[in-house]
Every structure is written in structure tokens, then in C-alpha cells.
1. If you take the residues in the range A:116-139 that are farther than 17 Å from A:VAL60 by Cβ and touching a helix residue (DSSP H, G or I) at 6+ places or on another chain (Cβ under 9 Å), which one is surrounded by the most Cβ atoms within 10 Å (Cβ to Cβ)?
2. Say we look at the range B:285-302 and pick out the residues that are of a type in the set (D, E, K, R) and surrounded by fewer than 18 Cβ atoms within 10 Å (Cβ to Cβ); which of these is farthest from the other protein chains (Cβ to nearest Cβ)?
3. In the range B:169-189, is there at least one residue being within 18 Å of B:VAL146 (Cβ to Cβ) and either out of contact with any strand residue (DSSP E or B) (no Cβ under 9 Å at 6 or more places or on another chain) or surrounded by fewer than 24 Cβ atoms within 10 Å (Cβ to Cβ) (or both)?
4. Show the residue pairs that are 6+ apart or on different chains and have beta-carbon atoms under 6 Å apart, the first residue being within the range A:20-42 and within 22 Å of A:GLU104 (Cβ to Cβ) and facing chain B (nearest Cβ under 9 Å), the second being in a helix (DSSP H, G or I) and at pLDDT 90 or above.
5. Looking at B:GLY338, is it within 14 Å of another protein chain (Cβ to nearest Cβ) and part of a helix (DSSP H, G or I)?
6. From the list A:ILE128, A:ILE76, pick out the single residue that is within 14 Å of another protein chain (Cβ to nearest Cβ) and either modelled with pLDDT of 85 or more or touching a Cys at 6+ places or on another chain (Cβ under 6 Å) (or both).
7. Could you go through the range B:346-368 and let me know if any residue there is outside any loop (DSSP other than H, G, I, E, B), without any contact (Cβ under 8 Å) to a residue 60 or more places away in the chain and not assigned by TED's automatic domain parsing to the domain that holds B:VAL263.
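The values are calculated or read from the model by the stated rules, or taken from the named source; none is laboratory data. All values reported here derive from a predicted model rather than from experimental measurement. Every residue, glycine as well, gets a Cβ built from its backbone with ideal geometry; the counts of neighbours run over all protein chains shown.
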Amino acid sequence: MSDDPEIMLRERFSIQGGDFGRAGRVSTTIKSMLKQIGFPAPLIRRVAIATYEAEINVVVYADRADVTFEVTPTVIRVILEDEGRGIADLDLAMQEGYSTATDEIREMGFGAGMGLPNIKRNADDLEITSEVGVGTTVRITVLAGE
Amino acid sequence: MVAEGYYHAHEVCLEKCDGRMRCLRACPTGAIRVRDGKARIISELCVDCGDCITACPHSAVVPLADRLDERSPDYVCRIAIPSPVLYSQFPSDTPPRRIREGLKQIGFDHVFDVSRACDWAVLATRIFLREHTGKWPMISSFCPAVVRLIQVKYPELTEHILAMEVPREVTAREAKMKLSKELGIAPEKIEAVYVTACPAKVVSIRQPAEKQKSWLDRAVAISEIYGPLRNAMAHPENGGTAELFEDATYGPGWSRLGGMTSVLGREKWIAVSGTNDVTKILDDIENSRLRDVEFIEASTCLGGCIGGPLTVENIYVARSRTIRLGEKHGGNIERYAGQVESLYRSGFFEMENPLAPRPLSPLDPDIGKAIAKVRKRDEIYESLPKIDCAACGSPSCMALAEDIVKGDADRSQCVVLRAGR
């Protein structure tokens with residue numbers, strides 16, 4: 001969480017690990033809020049895709065997560081703090097096609113090793129900190145300026 | 001804020017409306033409010049799906065399709081282009097030809113069938129998908145309500161709509177060209193009437209999504225002409241016979257969900273119907289999910305066009321008949337392959353203009369003020385019972401909170417809060 005004094009909007013959500021039925025709900029909610037605020041469509045889509053991928057990561061790999069969504073005059077931030085197994089090798093995890101997903105998860109259409117690279121592609125800044133056995137924090141920042 | 005200038009093919013008859021709110025609960029885009037006991041439609045949000053027409057117990061939501069007896073002196077020739085749905089509205093041993101003859105008995109000079117244009121569209125879609133290098137998946141454009149839904153609520157997905165002229169427009173254009181040559185009259189003197197299963201087609205004719213003018217001139221509801229047509233068909237001795245475009249093959253199959261994709265010859269497709277389910281699929285595309293899907297056949301009417309609000313027959317009966325009609329009268333579409341290949345290269349299927357997004361207005365034109373309104377709305381929402389009873393006249397507690405922020409409603413409208421006081 002940040003203490004940015006310029007925060008104009010802050011919403012909190014939570015995600016349950018393994019809850020595939022509701023996966024994507026946070027991303028969809030954030031997307032509709034951004035539409036109502038009137039941000040340009042391409043920017044909304046980038047935030048939505050990055051958030052969705054991060055949300056799926058929580059559902060597939062973690063036990064649970066708190067999500068904080070913030071809007072300031074200059075940036076849109078989505079912070080996911082999860083409790084779970086964590087990521088042992090971050091550099092490896094950022095490589096396209098790398099995945100520790102089980103066959104079962106892959107059969108469901110997830111775990112293709114594109115999640116983190118896809119978040120990085122859509123975010124202007126991506127910060128990941130992780131501790132094995134404790135959890136991972138993902139900070140996605142998209143610049144709101146024109 | 002209500003956007004001006006959007007045409008809709010249905011309106012609320014205030015005399016008949018007694019504010020029972022069925023339409024309010026049925027509307028998938030939350031476009032209806034009931035204020036002072038009367039329903040009203042928010043133009044900007046309405047995508048013309050017609051669910052409110054079906055939901056109203058008093059028929060107070062009136063489709064504004066054209067009437068059969070209206071004739072303009074500007075035309076010297078009137079042709080019918082029936083939706084394939086029409087064929088499913090009669091007992092299954094009724095041959096399509098008999099129905100087309102019936103249309104001539106009730107005042108059409110010629111009848112043109114969309115079947116061939118449907119076959120062509122399948123083949124043209126095949127070529128398009130084979131050569132497509134842009135974004136996936138592509139979404140069918142034949143349901144005008146799906147096109148509007150995307151333009152309005154998913155503006156960023158507009159480029160996923162397969163921008164190809166739809167069979168009813170191709171048929172109208174071809175029919176006018178052919179007749180004008182054969183009869184020696186100007187195409188403008190020919191009136192093309194679409195016999196439609198849904199009000200969205202009426203809108204697509206009066207206010208096309210991507211061009212100045214539709215090739216069709218008006219639309220009459222299947223439910224409006226059904227009676228006269230049946231009566232006429234009972235007296236075949238008055239019938240005409242000459243047929244055009246009679247070599248149609250695939251025909252009626254197009255009108256049910258999955259009909260088009262079943263002959264598309266691609267593996268990675270989805271066929272989806274019903275506005276709520278279409279919305280879920282569009283959310284998935286927007287989240288960049290569905291990466292291994294190439295083509296989506298979508299219609300807002302459950303089960304496809306045979307579920308349209310302007311039909312008369314039970315959709316399950318119509319579906320069964322459609323399948324049997326396809327087996328009986330269907331044929332091999334491949335024989336058009338060579339012809340469609342050259343038509344496609346000549347630009348025959350291209351839309352006149354690209355489809356443009358039509359995004360909703362934000363809560364406020366100023367981003368800072370819009371954010372303040374979102375916060376205010378969330379604050380109000382927290383104070384509401386969150387049971388979405390809709391008794392206030394807004395479709396959900398969230399919608400009421402938003403209406404209050406917009407100055408269009410008051411917290412005192414919440415009956416649950418009033419009762420608790």
C-alpha cells in the first residue's frame with residue numbers, strides 16, 4: 001500500500017486462491033470503474049489485461065490475496081499482496097513460456113507461462129517482491145497521463 | 001446524461017404502462033428506469049435487444065416496426081426479403097417455396113431469399129479468417145444488437161467485429177441491381193422490405209451502424225404479417241410462382257445458434273446467445289482471455305434469431321423445424337467457392353465504412369470530478385440494502401447510487417430504507 005497523498009480513489013478487493021469460478025471479477029470491476037471515470041479505452045484495456053493476469057496468478061498459485069486499486073492524477077496502480085508459496089526465481093518466472101503449473105491447471109487453459117510477461121507488456125512499471133513460503137506482492141503501474 | 005440522436009425501434013406506451021417493472025429487471029444493459037410509475041428507456045444505454053418487449057405483461061413496450069399497409073408512392077415495385085426465421089414459424093412440412101409464394105399473395109411483387117447470401121457469407125468468412133493477421137478472435141456482425149453492445153459497452157473491441165456486409169444487405173443490394181436491370185427501373189424505385197424477427201434489424205435499417213443508408217428500406221415484423229400470410233397460404237390458387245435466387249442451399253440453418261459455425265470449417269469457434277452470456281464472452285475477450293478462439297458467432301436473442309421477440313412460434317419448436325428444414329433443403333455450399341473467391345477479391349463483401357466505437361459518456365467530462373462521483377456513488381451504495389429489489393425504479397442498488405449521483409434519483413426512493421426508519 002502507498003501513502004501517496006494524491007490518491008483520488010482507492011478501492012480494496014480480495015481474491016481467494018483456487019476460486020476459478022470468480023476469477024476475473026476484480027479485473028472486470030476495475031475496468032468498469034475506469035470506463036465510468038472516462039479514461040481512454042486503450043489505457044483501460046492495458047490495466048484490465050494486467051490485472052486479469054495477476055488475478056489469475058493468485059487463483060492458480062496462491063492461497064488468497066488483498067488487492068488495492070488506486071487512482072492518482074498521474075497513475076493507475078493495482079497492488080496484489082498474496083499469501084502463498086511465493087516465487088523462488090523471479091528472473092526465471094518473468095521468461096515467456098516458463099511455468100510451474102501442473103498439467104491439471106494447463107488443461108484448464110492456464111499456466112502457459114505468459115502471465116507475468118503479459119503483465120509487464122501492459123504495465124508502464126511492474127514491481128514484484130516475493131518470499132518463498134510467505135507470499136508475493138505485485139505492483140502494477142500504468143501512467144494515466146495523455 | 002442521455003445522448004441525443006440514437007434511433008430505437010421500440011418505445012414505451014405510457015398509457016399501457018402500469019409500472020410493474022418487468023422490463024426493468026429484464027433489461028441486460030440496465031437501460032430502463034421506472035419513475036412516477038412509468039418506464040422510460042435511456043437511449044444511450046439501449047442496444048435494441050428487445051428483451052423488454054418480451055418481458056412486458058401488457059405489451060406496453062411497443063416495437064416500432066413498419067406496418068404492411070403503409071405504402072409510399074415513391075416506389076413502383078415492392079420486394080420482400082424474409083429472415084430465414086420466417087420458415088420456422090410454419091408446420092414443418094411447409095416448403096419454403098410455399099411461404100415465399102404466400103408473400104407474393106399478400107402484396108409483394110417479388111421475393112428474394114437470403115440463403116445464397118448466407119452461403120456466400122460463410123465462404124467469405126472462411127477466406128477472411130484464413131488471411132487474417134490482426135487481433136483474435138473475430139466476432140460475427142449479423143446480429144445488430146451485438147454490434148451495438150460492443151460499440152457502446154466494449155468500444156475497444158469494435159475492431160474484433162468481422163466487418164463484412166451481412167447477408168440481408170447483400171441480398172437487398174443484389175436484388176435491386178438485378179431487378180433494375182431486368183425491369184428497366186431505377187434502384188431507388190424499388191422498395192426492399194425485410195421481414196424481421198427482431199427490432200434490432202429495424203434499427204440497423206433506419207440507422208445503420210456503419211453507413212449512410214441501408215439497402216433495405218423498411219422492416220415488418222414476422223408477428224405482424226403472420227396472420228395475413230397464413231390466410232393467403234390457405235388459398236394457393238391466388239399464388240404467384242416466379243422465383244429469383246432459387247438455387248439457395250444452406251438456407252434456414254443460419255437462424256439458429258451454431259448454424260453458421262457448423263459449416264464454417266474452422267475448429268476454434270464459440271457460438272453464444274443471450275445478452276448476459278454474450279457479455280461474459282466479451283468480458284473474457286477484453287481480459288485477453290480466449291486466446292485460442294478464432295471466431296465467435298453471437299446473437300443477443302437466446303438460441304439465435306429464432307428466439308427473436310417479433311416471432312410467433314415457440315423457440316424450441318422453431319429450432320427443431322429449422323434443423324429439419326436444413327436437412328431437407330440444405331445442400332453443399334462448396335459449389336459457390338470459386339465464385340465467392342472472386343467476389344471477395346473484388347471487394348463485394350466489404351462494408352462501406354469501418355465500424356466506429358460509440359462509448360458511453362463518463363460520470364463527468366472532467367476526470368477529477370468523475371472520480372469524485374465514483375467515490376460518492378460507492379459511499380451511497382454502502383448505505384443501501386444491496387438486495388437489488390429494484391422497487392425504487394432503478395435496476396439495482398448500484399444503479400440507484402449512480403442515478404442519485406447523476407441527480408436523477410433520491411435516496412428516499414429506497415423502500416427498504418424507508419421501511420426501516
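1. A:ALA123
2. In the first step, residues of the range B:285-302 are kept if they are of a type in the set (D, E, K, R); the result is B:286, B:289, B:291-292, B:294, B:297.
Those still in the list that are surrounded by fewer than 18 Cβ atoms within 10 Å (Cβ to Cβ) too: B:291-292, B:294.
On the way: B:ARG291: 8, B:ASP292: 8, B:GLU294: 15 Å.
My answer is B:GLU294.
3. Step one: filter the range B:169-189 for residues within 18 Å of B:VAL146 (Cβ to Cβ), giving B:169.
Next cut, either out of contact with any strand residue (DSSP E or B) (no Cβ under 9 Å at 6 or more places or on another chain) or surrounded by fewer than 24 Cβ atoms within 10 Å (Cβ to Cβ) (or both) only: B:169.
For the range B:169-189, residues within 18 Å of B:VAL146 (Cβ to Cβ) and either out of contact with any strand residue (DSSP E or B) (no Cβ under 9 Å at 6 or more places or on another chain) or surrounded by fewer than 24 Cβ atoms within 10 Å (Cβ to Cβ) (or both): present.
4. A:GLY24/A:TYR52
5. Working: within 14 Å of another protein chain (Cβ to nearest Cβ): no; part of a helix (DSSP H, G or I): yes.
No, not satisfied.
6. A:ILE76
7. yes
Rundown of residues vs (1) among the acidic types (Asp, Glu); (2) surrounded by fewer than 21 Cβ atoms within 10 Å (Cβ to Cβ); (3) more than 16 Å from A:PHE20 (Cα to Cα), yes/no style:
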{"site": "A:ALA62", "(1), (2), (3)": "no, no, no"}
{"site": "A:THR72", "(1), (2), (3)": "no, yes, yes"}
{"site": "A:VAL75", "(1), (2), (3)": "no, yes, yes"}
{"site": "A:LEU80", "(1), (2), (3)": "no, no, yes"}
{"site": "A:GLY84", "(1), (2), (3)": "no, yes, yes"}
{"site": "A:ALA88", "(1), (2), (3)": "no, yes, yes"}
{"site": "A:ALA93", "(1), (2), (3)": "no, yes, yes"}
